[in-house]
Amino acid sequence: MKTNIILMGPPGAGKGTQAKLIIAAYKLPHISTGDMFREAMKNETPLGLKAKSYIDQGHLVPDDVTIGIVEERLNQDDCKGGFLLDGFPRTIPQAEALDKMMEKMHRSIDLVIDVETPKEELIRRISGRRVCKACGAPYHVDTMKPKVDGVCDICGGELIQRKDDNVSALTTRLEHYEHETKPLLDYYANKGNLVTVDGSKEKDDLFLDVSSLIRGE
Ligand code: ADP
Ligand code: ZN
């Protein structure tokens, strides 16, 4: 089984949804920089206050800040047996910093999953996306409705629209994806551990593909 895994893809590709399925099935700690930033913003910590202006407008949080929180997280005990990185790295300097961290830990990334999704689909998904305010679980107003309107199936929390899920912030996020994140595909393809999956598939079908990659089949 692959245990040191990166999940990549544009905003709206369904990374968060796949991440939830992966961590439940394979018991890996879920390291989502987006979730870490949102938690920090909710608690109004210094990190949260710093990240907020970038995130709300759809910009990337500066590399030094992002790299710092990931390094701290990867050094925690629960990551010893592996991890699922979701939304990190997103820039070449972040990927280089991650390589250094891995070297220090005498480990290496053994699978990079790129969830490829057409742009029209990303826009459709993000504009209808709702997330649970309490646990972060994702929903969609047309395609992934909760059992009870506005209420999270998992924890009963309130479903809200993310502040950066509006057209203007989304356009900026997609631009950052094109310019800063897409070059990472070549970076990992050159290392030989990149696999592309079809993000336009239904989530359970996609999870079957993802699962066989993780199991190394
Ligand atoms: P999405 O993939 O839908 O854009 P995320 O939850 O992964 O959402 O990220 C939300 C926001 O958090 C990003 O738009 C960005 O501002 C910030 N962020 C998350 N991960 C990173 C990262 N690795 N580097 C810089 N900023 C990040
Ligand atoms: Zn919830």
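Filtering GLY156, GLY216 for residues that are in contact (Cβ under 8 Å) with a residue 24 or more places away in the chain, on the phi > 0 side of the Ramachandran plot and not β-branched (Val, Ile, Thr) leaves a single hit, GLY216.
I'm trying to understand the selection: among the residues of segment 150-180, which are among the acidic types (Asp, Glu), farther than 19 Å from ALA19 by Cα and within 14 Å of ligand 2 (Cβ to nearest atom)? Within segment 150-180, just GLU158 meets the criteria.
Restricting attention to segment 121-163, report how many residues are among the charged types (D, E, K, R) and within 20 Å of MET8 (Cβ to Cβ). Spell out the reasoning first.
Of the residues in segment 121-163, the ones among the charged types (D, E, K, R) are 121, 124-125, 129-130, 133, 142, 145, 147, 149, 153, 158, 162-163.
Going one step further and asking which of them are within 20 Å of MET8 (Cβ to Cβ), we end up with 121, 125, 129, 162.
The total comes to 4.
The requirement of being over 16 Å from the mean Cα position of the chain (by Cα) and on the phi < 0 side of the Ramachandran plot is not satisfied by VAL115. When segment 185-203 is examined, which residues are found to be within 14 Å of ALA13 (Cα to Cα) and in contact (Cβ under 8 Å) with a residue 60 or more places away in the chain? Of everything in segment 185-203, those that are within 14 Å of ALA13 (Cα to Cα) and in contact (Cβ under 8 Å) with a residue 60 or more places away in the chain turn out to be THR196, VAL197, ASP198, GLY199, SER200, LYS203.
Values quoted throughout were computed directly from the atomic coordinates according to the rules given, and no laboratory measurement underlies them. These numbers were taken from a predicted model, which means no experiment stands behind them. Note that we place each Cβ from the backbone using ideal geometry, even for glycine, and neighbour counts take in every protein chain shown.
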